[in-house]
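K.L.:
Here's a structure for you.
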Number of protein chains: 2
Amino acid sequence: MQKYFVSENDFLNKRITGDDVFHIRSVMRYRIKDQILVSNQSKTVLCEIRSISDKEIGYEILCEENGNHELPFFTSIIQGYPKKDKLEDIIQHGTELGVSEIIPTIMKRSVFKLEEKKKESKRFRFMKIAKEAAEQSNRDRIPIIGDIQYLNQIDFSSYTVKLVCYEEEAKHANQSRLKEIVSSLKPNDRIAIVVGPEGGIAEEEIAFLKENGFIPVSLGKRILRTETVVFYCLSVLGYEWELL
Amino acid sequence: MQKYFVSENDFLNKRITGDDVFHIRSVMRYRIKDQILVSNQSKTVLCEIRSISDKEIGYEILCEENGNHELPFFTSIIQGYPKKDKLEDIIQHGTELGVSEIIPTIMKRSVFKLEEKKKESKRFRFMKIAKEAAEQSNRDRIPIIGDIQYLNQIDFSSYTVKLVCYEEEAKHANQSRLKEIVSSLKPNDRIAIVVGPEGGIAEEEIAFLKENGFIPVSLGKRILRTETVVFYCLSVLGYEWELL
């Protein structure tokens, strides 16, 4: 069943406004008496549609839903800004796989010109993709999309577990480090995972991250693209902690 | 270092022909004395480029490489034919993640018109994507791209472990089935994983698959898109068996 995230105000007033009205009317083609899920990100309710107009959908609440679709950790992907539309794929699939936060990060090898005036419109588009993916995948919360920033501007102090996916690490001995760390996580851990852009992570960035407590981990025997690294990390968190 | 898969004939004659010549000359801009990896899919050698012409690259072998970049299983994704270019993404990222075979499969809810005359050109394109992704990710072998076929045409008899990713299963009790199966695999197992197209798997298809020995598995608490299901399954196989 389709879920819609609404503002606190719309949740209190039992209505849906904005872009979702078009989605309900013209994409899903819902009619009066059809059922939908509505969430304010702290509570989800099963609802029956009672009124449909150009600008607003009205509904009545049938019952509260048991929201339990989140990973037991706060998981932040600190993503080296990639080429083309890859960040949109990362946000979309990352949301399905349970990411809590994505911070688009300009790293040394990012091929990205920072145009100040476009920063906010880009972030707005990313947030829209995250909201739609969260609705479609039945998340309880919409992931946070951070400001586009430089690696050395990020405040790492809130994270309890800090990992950096580093291809060179694959050549060294300790292949099992990721597995050891993932399998020994504790509920409410706050995990930060740094993923480099296409050209990888520069040596000085690795040094900087290590100084800040980041542990380099290998993801196995093959070279993965930047977006694939994200899918791998989030998949294994779910596999280790949700299939119980 | 960039790898190139060549035919048995080119391997014997220490040369590279075809599209890779353009890649070496104009994309990578390699010069004489630069090093590359060359593979015939059973052996990989480190080589030094000795001659560059319009149609052929010549090389000398420096040493044999220890090829060990494959999952310990034969893993086949039986992929419900998805919309748009999603199959290309699945082949590209699936190859990075170690898939052995992808069979594009027309299922009940596939939105796909089978044009016989385009079948071969599509498959040719898929094989090219698989080859390039295998080279970039440093695989030892190029995944097999099967013929586009209907679900009931596939011969399942060679597979020793048969799974079907089924969203409805997520509502039932046994959430841990995938983890139990993956963690108890044996080397040389041949795994078939059925992944539905966008609309999911029809009930009669699930019945058919169960009759053929397929076990329905859940992939956790969220609804994943068809391509994300593939990335998840292959990631967890690598996580469980490569990070040792």
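K.L.:
Give the residues of the range B:217-244 that are open to solvent by 10 Å² or more (accessible area, probe 1.4 Å) and not in a helix (DSSP H, G or I), sorted by residue number.
P.N.:
Scanning the range B:217-244 gives B:Leu219, B:Lys221, B:Arg222, B:Ile223, B:Leu224, B:Arg225, B:Leu244.
K.L.:
Check the range A:156-171 and report whether any residue there is in a loop (DSSP other than H, G, I, E, B) and loosely packed, with under 11 Cβ neighbours inside 10 Å.
P.N.:
Taking the range A:156-171 first, the residues in a loop (DSSP other than H, G, I, E, B) are A:156-160, A:166.
Now restrict to residues that are loosely packed, with under 11 Cβ neighbours inside 10 Å: A:157-158.
Within the range A:156-171, one or more residues are in a loop (DSSP other than H, G, I, E, B) and loosely packed, with under 11 Cβ neighbours inside 10 Å.
K.L.:
Report whether or not B:Ile148 is surrounded by 15 or more Cβ atoms within 10 Å (Cβ to Cβ) and either over 22 Å from B:Thr44 (Cα atoms) or not hydrophobic (A, V, I, L, M, F, W, C) (or both). Explain how you work it out, then say what you get.
P.N.:
Working: surrounded by 15 or more Cβ atoms within 10 Å (Cβ to Cβ): yes; either over 22 Å from B:Thr44 (Cα atoms) or not hydrophobic (A, V, I, L, M, F, W, C) (or both): yes.
Taking the combined requirement at face value, the residue satisfies it.
K.L.:
Oh, and also: Would you check which residues across the range A:216-234 are over 19 Å from the mean Cα position of the chain (by Cα) and at the interface with chain B (Cβ under 7 Å from one of its Cβ atoms) and list them?
P.N.:
Listed by number, the residues that qualify are A:Gly220, A:Lys221, A:Arg222, A:Ile223, A:Leu224.
K.L.:
Please determine whether any residue of the range A:63-74 is away from every other protein chain (no Cβ under 14 Å), part of a strand (DSSP E or B) and within 19 Å of the chain's Cα centre (by Cα).
P.N.:
In the first step, residues of the range A:63-74 are kept if they are away from every other protein chain (no Cβ under 14 Å); the result is A:63-64, A:74.
So of that shortlist, the ones also part of a strand (DSSP E or B) come out as A:63-64, A:74.
If we keep only those that are within 19 Å of the chain's Cα centre (by Cα) too, we end up with A:74.
The answer is yes; a qualifying residue exists.
K.L.:
Given (1) at pLDDT 95 or above; (2) facing another protein chain (nearest Cβ under 7 Å); (3) not in a helix (DSSP H, G or I), identify the lone condition not met by B:Gly213.
P.N.:
Of the numbered conditions (1) at pLDDT 95 or above; (2) facing another protein chain (nearest Cβ under 7 Å); (3) not in a helix (DSSP H, G or I), the odd one out for B:Gly213 is (2).
K.L.:
Starting from the range A:175-194, take each residue that is in contact (Cβ under 8 Å) with a residue 60 or more places away in the chain and list its partners that are open to solvent by 70 Å² or more (accessible area, probe 1.4 Å), counting only C-beta distances under 7 angstrom and pairs at least six apart or across chains.
P.N.:
So the pair list comes out as A:Asp189/A:Thr160; A:Arg190/A:Thr160.
K.L.:
I'd like the residue in the range B:90-115 that is of a type in the set (D, E, K, R) and assigned to a loop (DSSP other than H, G, I, E, B) and, out of all such residues, is surrounded by the fewest Cβ atoms within 10 Å (Cβ to Cβ). Step through it out loud before you land on a result.
P.N.:
In the first step, residues of the range B:90-115 are kept if they are of a type in the set (D, E, K, R); the result is B:96, B:101, B:108-109, B:113, B:115.
Those still in the list that are assigned to a loop (DSSP other than H, G, I, E, B) too: B:108-109, B:113, B:115.
Values: B:Lys108: 16, B:Arg109: 16, B:Lys113: 7, B:Glu115: 9.
That would be B:Lys113.
K.L.:
Only residues that are within 24 Å of B:Phe73 (Cβ to Cβ) and buried (at least 17 other Cβ atoms within 10 Å of the Cβ): list them for the range B:177-204, please. Walk me through it before giving the result.
P.N.:
Filtering the range B:177-204 for residues within 24 Å of B:Phe73 (Cβ to Cβ) gives B:177-196, B:201.
Selection gives B:Arg177, B:Leu178, B:Lys179, B:Val182, B:Leu185, B:Ile191, B:Ala192, B:Ile193, B:Val194, B:Val195, B:Gly196, B:Ile201.
The values are calculated or read from the model by the stated rules, or taken from the named source; none is laboratory data. Nothing here was measured: the structure is a model prediction, and the numbers come from that model. All Cβ positions, even for glycine, are placed from backbone atoms using ideal geometry, and neighbour counts span all protein chains on display. Calculation scope for accessible area: heavy atoms of the full protein, side chains included, ligands and nucleic acids excluded. Shrake-Rupley method; radii C 1.70, N 1.55, O 1.52, S 1.80 Å.
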